[in-house]
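Read the structure below first, then the notes.
The values are calculated or read from the model by the stated rules, or taken from the named source; none is laboratory data. Given the structure is predicted, the values throughout are model-derived calculations rather than measurements. Glycine gets a Cβ as well: all are built from the backbone with ideal geometry, and neighbour counts include every protein chain shown. With ligands, DNA and RNA removed, areas are computed over all heavy atoms of the protein, side chains included. Shrake-Rupley method; radii C 1.70, N 1.55, O 1.52, S 1.80 Å.
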Amino acid sequence: MPHTTSYTPQNWSRRRFLASAGTAPVAGLLATGCAPPEPAPAEVAEDIYARLGLRTFINAAGTYTALTASLLPEEVRSAMDAASRQYVALAELHAAAGGRIAELVGAEAALVSSGAAAALTQATAACVCGSDQDAIRQVPDTTGLKSQVVIQRSHRFGYDHAIRNVGIELVEVETRAELEDAVNDDTAMLFYLNAATNQGQISREEFAEVGQATGIPTLIDAAADVPPADNLRAFTRMGFSLVAFSGGKGLRGPQCSGLLLGRRDLIDAAYLNGSPHGNSIARIAKVGKEEIVGLMRAVELYVEKDHDAEWADWEARVQTIVDAVAGIPSVEAEQFVPELANVVPHAGITWDPERIPMMRSDVAQALRDGEPRIEPRPGPADAPRLDIGVWMMQPGDHEVVAARIAEILSAAAA
Ligand SMILES: *Cc1c(COP(=O)(O)O)cnc(C)c1O
């Protein structure tokens, strides 16, 4: 890991000054006390939120955007810092970083977007407009353009606005036969939501196959689906034309980054349908040099990472929490791993509300009100159950969380 403390802005400007100051006595004087003390980077981060009157918290939830999702690894932070200190041609950076990411994940091409949602918009625009400049300027008016996107009814979701932004009509189907029937000259794209795999009748493989057979591009939203790391390759290999991931969730890249992988011609078109191209639909989802470099570095780290060791560490954190609540009357706790999206070990804690008269929302509020503030995983407010995500915690957090949950439940236990 690079020695990062020398990259603080304060340090940088002082070092530059010292380098040009020339005479040793002046430099010596500055170095021995006339310069203001330099705050450690951690103090700066604490101050910025405290100054706004905000309380930071232990993330015992997971990669939730509203909770700011993930924290950057030091290597990503310093790569973004380095990127912020030089000018570069954005087109050249997009191409180079996209190429590097594509190579790392075995895709034909890749584009860094400002998030998975923006990747959905750019992907849809690529399928509707291609590289046609008139079409790129015209959307969301789709007159004369392919204007339908086919989706399984059970795959309609809270982010499909990102697809509808392009002015298309979502055509809902349920079976493979309906999917095949729905395809016509107006069909721009077939969309699949990975998190809803178990809710639809058409499997991923079949869906990609229909795309291949009909020549209609397919897009799969896999925003929250790393880990497993293999998913970075699995969907392009399966035959999907385009795959979208969040940069700021499991990949631990910048919050405002996302990744679109897939076919070269479509990735090139997706790029033309967004920043830095002014008159394009996704110009509103600009991604800067810091995010592009940050996501590239995050993907490098992610593919190099020892995923088994990380998994074992998450399991150990869950076990600490499970053990901490084990003796409390009526409480049962166990590890669970969601089957799709956020596929990592969590702690699930349940109790008998007759013995512990609290619901999830009460326990969550107590965790939020304590010191330090703790944010648990969201879920139905009115259930005698609490879920804890451990993978976005910082070292040692799990012990604090375990003790605090045990304290709250024990105090309420009859
Ligand atoms: C989080 C999420 C998104 C949005 O991702 P951003 O990177 O925040 O834009 C889209 N789709 C699904 C399924 C998600 O979970």
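Go through region 174-200 and give me each residue that's of a type in the set (Gly, Ala, Ser) and either within 19 Å of ALA162 (Cβ to Cβ) or within 16 Å of the ligand (Cβ to nearest atom) (or both). ALA188, ALA195, ALA196, GLY200 - these are the residues of region 174-200 that are of a type in the set (Gly, Ala, Ser) and either within 19 Å of ALA162 (Cβ to Cβ) or within 16 Å of the ligand (Cβ to nearest atom) (or both). A residue that is outside the structural domain of SER246 (by TED's automatic domain parsing), farther than 25 Å from ALA312 by Cβ, open to solvent by 50 Å² or more (accessible area, probe 1.4 Å) and out of contact with any Lys or Arg (no Cβ under 7 Å at 6 or more places or on another chain) occurs somewhere in region 389-407.
When you go through ALA285, ALA234, ALA312 one by one, which is the residue that is open to solvent by 10 Å² or more (accessible area, probe 1.4 Å) and not assigned by TED's automatic domain parsing to the domain that holds THR218? Just a single option satisfies the conditions, and that option is ALA312.
Identify, please: which residue in region 212-251 is among the charged types (D, E, K, R) and touching a residue at least 12 places away in the same chain (Cβ under 8 Å) and is, among those, farthest from GLU108 (Cα to Cα)?
Top of the filtered list is LYS249.
Only one entry in LEU104, LEU120, LEU90, LEU71 is within 16 Å of the chain's Cα centre (by Cα) and either open to solvent by less than 50 Å² (accessible area, probe 1.4 Å) or assigned by TED's automatic domain parsing to the domain that holds LEU261 (or both), namely LEU120. Taken over region 240-252, the criterion of being open to solvent by 10 Å² or more (accessible area, probe 1.4 Å) and either on the phi > 0 side of the Ramachandran plot or not in a loop (DSSP other than H, G, I, E, B) (or both) is satisfied by SER246, ARG252. Just wondering, is there one or more residues in region 164-175 that are at pLDDT 95 or above, open to solvent by 50 Å² or more (accessible area, probe 1.4 Å) and not acidic (Asp, Glu)? Within region 164-175, one or more residues are at pLDDT 95 or above, open to solvent by 50 Å² or more (accessible area, probe 1.4 Å) and not acidic (Asp, Glu).
Among residues of region 142-173 being within 16 Å of the ligand (Cβ to nearest atom) and among the small types (Gly, Ala, Ser), the one that is farthest from ASN279 (Cα to Cα) is SER154. Condition check for GLU354 on (1) buried (at least 21 other Cβ atoms within 10 Å of the Cβ); (2) in a loop (DSSP other than H, G, I, E, B); (3) in the same structural domain as ALA402 (by TED's automatic domain parsing): one failure, at (1).
All but one of (1) hydrophobic (A, V, I, L, M, F, W, C); (2) open to solvent by 10 Å² or more (accessible area, probe 1.4 Å); (3) under 19 Å from MET392 (Cβ atoms) hold for LEU295, so report the exception by its number. Among (1) hydrophobic (A, V, I, L, M, F, W, C); (2) open to solvent by 10 Å² or more (accessible area, probe 1.4 Å); (3) under 19 Å from MET392 (Cβ atoms), the lone unmet condition for LEU295 is (2). Looking only at residues of region 115-141 that are of a type in the set (Val, Ile, Thr) and out of contact with any Cys (no Cβ under 9 Å at 6 or more places or on another chain), we find that the one that is nearest to the ligand (Cβ to nearest atom) is THR121. In the condition set (1) modelled with pLDDT of 95 or more; (2) open to solvent by less than 40 Å² (accessible area, probe 1.4 Å); (3) more than 26 Å from ALA412 (Cβ to Cβ), ARG264 is compliant with all but (2).
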